[in-house]
Amino acid sequence: MCWWCSLSRASYVDGISWLTRMVGGHWRVILLWCSLSRASYVEKSCVGDGISWLKGWPAPKLKDVELTESKSRELYLQCIQIMRTMYQECKLVHADLSEFNMLYHDGRLYVIDVSQAVEHDHPHALEFLRKDCTNMTDFFRRKGVSTMTVKELFDFITDITINEENIDAYLERCMEISAERTVDDVTEQDKVDEEVFKKVYIPRTLDEVMHFERDLDKAQVGETSEILYQKLTGLKEDLSGAQENPTLLENRTSTTIEECMNVSGNQQDASGDREEHSGSNSDSESDDESKTHLNTYRPRGESPDSKRERKKAVKEATREKRQNKIPKHIKKRKEKIAKTNKGKK
């Protein structure tokens, strides 16, 4: 169905100043919009027009492609990052994103039909964005992907504290949470809350917040379920100030620090034990141990050159380990499927 027919014409045009000033009938508006859409939007070089050709034939739409579960998971991650790029860098919301408006070519997704996209400050931009999130979440769930909820995806797209340095860690954490979530974990109340989230009004800026003092009082006592603009405005969950890092990573960071401190303490204890028993070990055994075990403990009075070499060795060892490492969300997903199959037998 044409976007002009499927969306309320007034709700779409209201936020575009040069369209609202036009006179001469709806068809004149439509024709002018079509002629200017490519120059005004695709020029922003977010996704291009997304058209790919294979020996004279257009690339297939995403809805027509047969995908494995692993490939669907890969494309899901591509899709949500495209949506975030459009919103954060291009300042656009597609407003009609679905499996019908994405092409699949050479293992990648390409967005098409960008002409009806709206600016991120459009009065109905967040309403359109939630619809896009719903469409893509429903599609990839049908493909067997453990997706985020609509609200989690919306927060990922609009969260201004996510950047190039922490986006990989954020997505990994989101996939872990999604993989651990089962059908039984989703209560009826959760389903109701998600439907309410799709329709409730969300302020885009603090100027649009009607009763900030009332929201602040609620947030201070932990009642934040009805306050939905923290990620958009960069505020902490309790509205007490600016949020510097993604909320999802804060608890994980503190846990990681504790684990690192425990590991460091264990390494120091092990180092002390090795020093006590070093006299009983031969030089050949010491050489063999150094080849198989990388000592990352920082000795006292370490020189800058030695520190540089030690860090370099640690990075190389970590890089080799990452190449063969199975992502946690994939591993947990496989374990869950194996348990389910075992229970059925």
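Each value in this text was obtained by applying a stated rule to the coordinates, not by laboratory testing. Since the model is a prediction, treat every value here as computed from it, not as a measurement. Cβ coordinates were reconstructed from backbone atoms using ideal geometry, including for glycine residues, and neighbour counts include every protein chain displayed.
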| task | Please label the shape of segment 44-195 as rounded, prolate or oblate, based on the square roots a ≥ b ≥ c of the eigenvalues of the alpha-carbon gyration tensor (a/c under 1.5 means rounded; beyond that, a/b larger than b/c means prolate, else oblate). | result | oblate
| For segment 159-221, what is the convex hull (Cα atoms) projected area averaged across all directions, in square nanometres? | 6.6
| task | Pull out the extension gain between Leu77 and Asn163, defined as 0.36 nm times the separation in residues minus the alpha carbon to alpha carbon distance; nm, one decimal. | result | 29.4 nm
| request: Largest first and to the nearest Å, give the Cα extent of segment 61-139 along each principal axis. | output: 38, 22, 18
| remark: Net charge near Gln220 (other residues with Cβ under 15 Å of its Cβ; Lys, Arg +1; Asp, Glu -1) is -4
| said: Run the numbers for Arg181 and Arg141: contour at 0.36 nm per residue of separation, minus the present Cα-Cα distance, in nm. | reply: 13.1 nm
| query | What full-extension length gain, to one decimal in nm, is calculated for Asp207 and Asp106 as 0.36 nm per residue of separation minus the Cα-Cα distance? | reply | 31.9 nm
